[in-house]
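Quick notes on the structure that follows.
Read-outs: derived from the displayed coordinates by stated rules, not from any lab. All values derive from a computational prediction rather than experimental measurement. We place every Cβ from the backbone using ideal geometry, glycine too, and count neighbours over all the protein chains shown.
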Amino acid sequence: MNLEFNEDQKLLFETVDAAVGRGYPAGARGEATSTERGWNDDVWHTLAELGLTGLTIDGDHGGVGAGPVEVYATLEAMGKHAAAEPLLDGVFLPSWLIAALGTEEQAKQLLPALAEGATTIAVAHAEPGRPWGSAPSVAAAHSGDGSVVLSGVKAPVRHADQASTLLVTAVDGDTTGV
């Protein structure tokens, strides 16, 4: 895989680098992570205004439908400043899961708000003592009223306290789902 940026991707990196860098001068990460939200709201709004909260979301749902190299450029620029905003775990990962596994109704309901930066969605996949890539041990059971009952432990669930929705991975018989 070629990870050399083309001119547009270089511009994306430079734009994110400059925008995030303004919000994270020396010592600002500790201040941002000490807030109720756990990140810098001004930087979050800037990321949304730049369309980065819609980077991984299809145009039909208000995003730009960019690819993995654009995600890489964005995250590399954010990592350069140790930025705390939850683009990867609160927007990118949930948008991929919804696009791949959700219904069209779920996509229409959830993706536009993610794309505009109005909300985040937490993914509950990690489990104590289990590697990230392993199948979940949390079990899903269907009750008689059509609801699903989950049993087990998910931890940590990054930014769950700020999320509007939780996506929880679980096993239902031989099937792993969200």
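Structure notes:
- Most mobile listed residue (Ala107, Ala118, Ala83) in the chain, GNM with C-alpha springs under 10 Å: Ala118
- Computed from phi, the 3J(HN,Hα) profile of region 17-23 under the Karplus parametrisation 6.51, -1.76, 1.60 (θ = phi - 60°) reads 4, 5, 5, 6, x, 5, x Hz, with x in place of Gly and Pro.
- Note on Lys154: aspartates and glutamates with a C-alpha under 18 Å away, same-chain residues under 8 apart excluded, are Asp89, Glu127, Asp172.
- Reachable lysines, given that their alpha-carbon falls under 16 Å from the alpha-carbon of Lys80 and they are not under 8 places away in the same chain: Lys10
- Sequence-distant residues sharing a close amide H with Leu55 (under 5 Å, placed H): Val64
- Projecting label points 7 angstrom from Cα along Cα→Cβ for Ala18 and Ser134 puts them 4.7 nm apart.
- Virtual spin-label span in nm between Gln162 and Ser34, 7 Å along Cα→Cβ: 1.7
- Placed amide H near Ala124: partners under 5 Å, 5+ positions off or other chain: Leu167, Val168, Thr169
- Rounded to whole numbers, the Karplus 3J(HN,Hα) couplings from phi for region 129-142 are x, 10, x, 3, x, 7, 5, x, 9, 5, 9, 10, 10, 7 Hz, using 6.51 cos²θ - 1.76 cosθ + 1.60 with θ = phi - 60°, and x at Gly and Pro.
- Dipole magnitude for region 1-113: about 260 debye, using +1 per Lys or Arg Cβ and -1 per Asp or Glu Cβ, origin at the Cα centre.
- Calculated FRET value between Ala82 and Asp145, using beta carbons and R₀ = 45 Å, to 0.05: 0.45
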